């Protein structure tokens, strides 16, 4: 089949608006999930860094629970099981955004925790010695330094998050993969469409990975 198959990429060009529409939904899912993940991840990271067990233990349970279960199971549970328990039904796009955001928050929390832990203890003691409270110390001393070290893993996690948006197809969210599958059903050209889909994700995600690598080298050179 491989020798006799005739490629027809004109099908992709003819239906290019389908890919554009899917890319828009993918961007929307990524942005919504990223916002949730960053805000919740920061909160969890600070809780994980606390000396109080009442703060640290719940955050650790959350992080380990979300890291130890498949993200697809989390999305399906959120969309199908949560309404049964609460009566509250979210639409597919919101369900995927919230689900991926909750999942990503667990990984962002570990990035925040590791970044905070990397700051020399002497700087904590120095901040305390001049009368800074925990919040003020975090805001002015610890986080500004820690963020520089967190940037490369954050960018890598964003690239991973963008790839995870393809799971939205399971809930009939019209992101890139779902649009591609619908297009295959209409055109019967899976090779051209899946190849284009792979190239599209590479073009979107590789610059993010490249930027992460460049930033990591730059920060190492400055340290």
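The values are calculated or read from the model by the stated rules, or taken from the named source; none is laboratory data. These numbers were taken from a predicted model, which means no experiment stands behind them. Positions of Cβ are generated from backbone atoms using ideal geometry, with glycine treated the same way; all protein chains shown enter the neighbour counts.
Give me a count of the residues in segment 62-96 that are farther than 30 Å from residue 145 by Cα and buried (at least 21 other Cβ atoms within 10 Å of the Cβ).
Qualifying residue count for the region: 4.
If we scan segment 201-218, do we find a residue that is without any contact (Cβ under 8 Å) to a residue 40 or more places away in the chain, buried (at least 17 other Cβ atoms within 10 Å of the Cβ) and within 30 Å of residue 20 (Cα to Cα)?
Within segment 201-218 (the criterion being without any contact (Cβ under 8 Å) to a residue 40 or more places away in the chain, buried (at least 17 other Cβ atoms within 10 Å of the Cβ) and within 30 Å of residue 20 (Cα to Cα)), the answer is yes, since at least one residue qualifies.
Provide a single number: the residues in segment 1-37 that are assigned to a helix (DSSP H, G or I), without any contact (Cβ under 8 Å) to a residue 12 or more places away in the chain and farther than 14 Å from residue 200 by Cβ.
Going through segment 1-37 one residue at a time, the tally reaches 3.
Go through the residues of segment 180-188 one by one and say whether even a single one is closer than 29 Å to residue 45 by Cβ and modelled with pLDDT under 90.
No, the conditions are met nowhere in segment 180-188.
Which residue pairs have Cβ atoms under 6 Å apart, sit 6 or more places apart or on different chains, and have a first residue in segment 95-123 that is closer than 16 Å to residue 82 by Cα and a second that is outside any helix (DSSP H, G or I)?
Short answer, once both residue conditions are applied: 96/173.
So which helices (runs of 4 or more DSSP H) stay within segment 124-223 end to end and still have 1 or more residues that are closer than 20 Å to residue 100 by Cα?
Qualifying helices (runs of 4 or more DSSP H): 143-164, 176-187, 190-222.
For the structure I just gave you, tell me whether residue 100 is within 20 Å of residue 208 (Cβ to Cβ), modelled with pLDDT of 90 or more and crowded, with 20+ Cβ neighbours inside 10 Å.
For residue 100, the condition - within 20 Å of residue 208 (Cβ to Cβ), modelled with pLDDT of 90 or more and crowded, with 20+ Cβ neighbours inside 10 Å - is met.
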